[in-house]
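The structure appears right after this line, and notes come after that.
Quick note: the coordinates plus some simple rules give every number you see, no bench work behind them. Only a predicted model underlies this, so the values are computations on that prediction, with no experimental measurement involved. Every residue, glycine as well, gets a Cβ built from its backbone with ideal geometry; the counts of neighbours run over all protein chains shown.
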Amino acid sequence: MKRALVLLTYNEIEALPKLFDRIPLSAADEVFAVDGGSKDGTVAYLESKGLRVFGQPRRGRGCAFSVALDATGADVLCYYSPDGNEDPDDIPKIFAKLEEGGYDLVVASRMSRGAHNEEDEKLIKARKWVNLAFTFLANVFWNRGPYVTDTINGLRAVRADSLRRCACRVDGFVIEYLMSIRMMKLGLRIGEIATYESPRLGGGSTAHSWPTGVEFLRHLAAEVAAGRGCGAPKEIMVK
């Protein structure tokens, strides 16, 4: 089974030099990056490390996922954002869990037993609570397997053929949530490992809370309206 490790980047030059040597490149047969239009030297840095960097025709994480899928013939893709939030030590664990457990998707969960969310030390855990609510709704509406504790985290490995079946034609931050929902609808197997989420290294998140939350709600409503099936993109895609 051929593995591809995909680095998703957008202006990550502050974090990359601190993280790059920790990324287990040897865990994959192929490693490349998809960049959303960095202006800070991120692309030059990655190329200096010998990585191929694919540009995106449009901004957004969903577009990056699609570019990566089209760029490789690998059987399994692991998506990793080198911004400090995600633990690179989890990458080989995710690959192993997917292959040994026969899963279609494995997510590094920030919500499962033994995991850590970056808001856990805060009194008001707004982002965590919203994530838990969206995850609960996905499980209630569509999950026929074991409860999935984190449907939204970006650090994940997925079988390429299963991802193509999901037909997630979206550009924005909703891509991971939509992928998890479609996997549930199709009756595909989802596994998890516990992860430790750390603070970002340099710069704030580009996922602004209110617009992102509205996008999630619109897609959730569209998926509910589509029923158990994934439907045609024109029926369920909401920009």
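Summary table below
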{"item": "Tilt relative to the chain, helix 126-142 - C-alpha long axis, 0 to 90 degrees, to 10", "result": "50"}
{"item": "Prolate/oblate/rounded call for the chain, Cα gyration tensor, a/c under 1.5 rounded", "result": "rounded"}
{"item": "Distance in nm between pseudo-label sites at Met1 and Leu25 (7 Å out along the Cβ direction from Cα)", "result": "2.4"}
{"item": "Global form of segment 1-125, assessed from the alpha-carbon gyration tensor, a/c cut-off 1.5", "result": "oblate"}
{"item": "Amide proton proximity set for His116, modelled H, under 5 Å, gap of 5+", "result": "Thr195, Tyr196, Glu197"}
{"item": "MRE, 222 nm, helices only [DSSP H, n ≥ 4, -39500 (n - 2.57), over the chain, to nearest 500]", "result": "-11000 deg cm²/dmol"}
{"item": "Fewest-first ranking of Val214, Val158, Val130, using other Cβ atoms within 10 Å as the exposure measure", "result": "Val214, Val130, Val158"}
{"item": "With Cα atoms, 0 to 90° folded angle of helix 61-71 axis to the chain main axis", "result": "70"}
{"item": "Peptides 189-198, 5-14 ordered by average Cβ neighbours within 10 Å, highest first", "result": "5-14, 189-198"}
{"item": "Degrees, to the nearest 10: 175-185 long Cα axis against longest axis of the chain", "result": "40"}
{"item": "Residue-wise HN-Hα coupling along segment 89-102, computed from phi with Karplus coefficients 6.51, -1.76, 1.60 (Hz; x: Gly, Pro)", "result": "5, 6, 4, x, 5, 5, 4, 5, 4, 5, 6, 6, x, x"}
{"item": "Linear extension gain, Glu121 paired with Ser48, 0.36 nm per residue minus alpha-carbon span", "result": "22.5 nm"}
{"item": "GNM flexibility winner over the chain from Ala160, Ala126, Ala15 (Cα, springs under 10 Å)", "result": "Ala126"}
{"item": "Above-threshold pairs, the threshold being 27 Å between Cα atoms, out of Lys49/Lys93; Lys2/Lys49; Lys39/Lys93", "result": "Lys39/Lys93"}
{"item": "Beta bridges by DSSP in the chain, antiparallel share as percent, to the nearest 5", "result": "25"}
{"item": "3J(HN,Hα) from dihedral phi, segment 211-220, Karplus parametrisation 6.51/-1.76/1.60, rounded to Hz, x for glycine, proline", "result": "x, 5, x, 5, 4, 4, 4, 5, 6, 4"}
